[in-house]
1. Tell me, what is the per residue accessible area of segment 124-200 in Å², probe radius 1.4 Å?
2. Relative contact order of the chain, please, whole-number percent, based on alpha carbon pairs below 8 angstrom and at least 6 residues apart.
3. Given the protein chains as shown and a 1.4 Å probe, how many square angstrom of M247 are accessible, to the nearest 10?
4. If the chain between I3 and K234 were fully stretched, how many nm would it gain, using 0.36 nm times the residue separation less the Cα-Cα distance?
5. With every protein chain kept in the model, how would you rank R311, R27 by accessible area, 1.4 Å probe, largest at the top?
6. In nm, to one decimal, how far is the R285 label point from the Q105 one, both placed 7 Å along Cα→Cβ?
7. Averaged per residue, what accessible area in Å² does segment 202-297 show with a 1.4 Å probe, protein chains only?
8. Label N77 and D262 with points 7 Å out from Cα along Cα→Cβ: what is the distance between them in nm?
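The values are calculated or read from the model by the stated rules, or taken from the named source; none is laboratory data. All of these numbers come straight from a predicted model, not from anything done at the bench. Because the Cβ atoms are built from the backbone with ideal geometry, glycine has one as well, and the counts that use them run over all protein chains shown. For the accessible areas, the whole protein counts, side chains as well, though only heavy atoms, and no ligand, DNA or RNA atoms are used. Shrake-Rupley method; radii C 1.70, N 1.55, O 1.52, S 1.80 Å.
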Amino acid sequence: MSIRYNAQALKKFASTLFASTGIASDRADIMAEVFLEADLMGFTTHGLNRVASNLHWLQSGASRLAGEPHVLLDRGNCLNWDAEFLPGPWVVSQAVDEALARVKQYGVVSIVIRRSQHIACLAAYLPKILERNCVGLLTCSTPAERTVAPQGSKTPLFSANPIAFGAPAGDYPLLFDISMSATAGGYVARAEREGKKLPHAYLKDSAGNPSDDPAAFANGGSILPVGGMDHGYKGAALSAMLEVLSMGLGGYGRADEVAQDDEANSVFIQVIDPQAFGDSQHFLRQTSALTALWSSCEADGNGEIRVPGKRAWGLRREQLQLGVSLYPLIEQDLKVLAQTYDITFPSPAG
């Protein structure tokens, strides 16, 4: 039986670590909340796993401790911000709050952000949107990152380019957070650290051959786009679309000079109020029917029927009630941080 930790105790621990850098306590709390939300829903590579890197950026000055995003454009329902390297989890949370404050008036609010420090798990921003009975769509790209090679190429061009989507739908929301690469870079790094192979040949080596060995990626290889060796043109096309929404609309990306070690993201956020299009109960009737029909499909015997959001939302409810079960490497790393900064690590729940 895995050890569990009280969710709020983990949030307080992460917040205390961030506050030790001099960032305002309310901003530290928001950052910690975002990382916790990711682990609550099972997105463990981009949750509390990212505490150490964000702590380093705050200490080194790579992330700004204070200040507001620079508003480049504000047309009411369309905004463009330059975060100027503010902490990603904080600045994206501010953008989501701004969108929610305006969406009842405008129906649809879209915000693009450039030079936001790494924003971590996109799905972590969805609960706040769902709680307001709105639909949320978020995507991001990394101008300095080239890890995913288009189909037929051994030259990496795209970043992982994740997209997250959430919509109210009865007992649990329709919710997903997926990258346009066959696997996320976080899973490749985790497999390399654990000395494991990937479950399938999600990578190409430097010669363009498919591989399941994380070392192939580290030694000049790339990650396959969604669709793999056969249908990777689909993932590459989607990657291009998401870079247009984030870098293109934001006006900052691959056309600009960006330092190779820059992990800052270009971000696209859209919040939709279903009531702007009609009765919200009609909307819920349709989304609830979709998830119910999906869940009731007859299994083919080759795997479970996974309705996006069902497992993540159920896990979130369970871990809020019973405590968070941390991935072993994350627990280990957080305890090292606790010793380094002389901050007490939470005791197991119960």
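1. I get 41 Å² per residue for segment 124-200.
2. Reported relative contact order: 23 percent.
3. So the heavy atoms of M247 present about 10 Å² to solvent.
4. Contour length minus the Cα-Cα distance gives 79.1 nm.
5. Reading off the accessible areas and sorting them downward yields R311, R27.
6. 3.2 nm
7. Result: 53 Å² of accessible area for each residue.
8. With each label placed 7 Å out from Cα toward Cβ, I get 3.2 nm.
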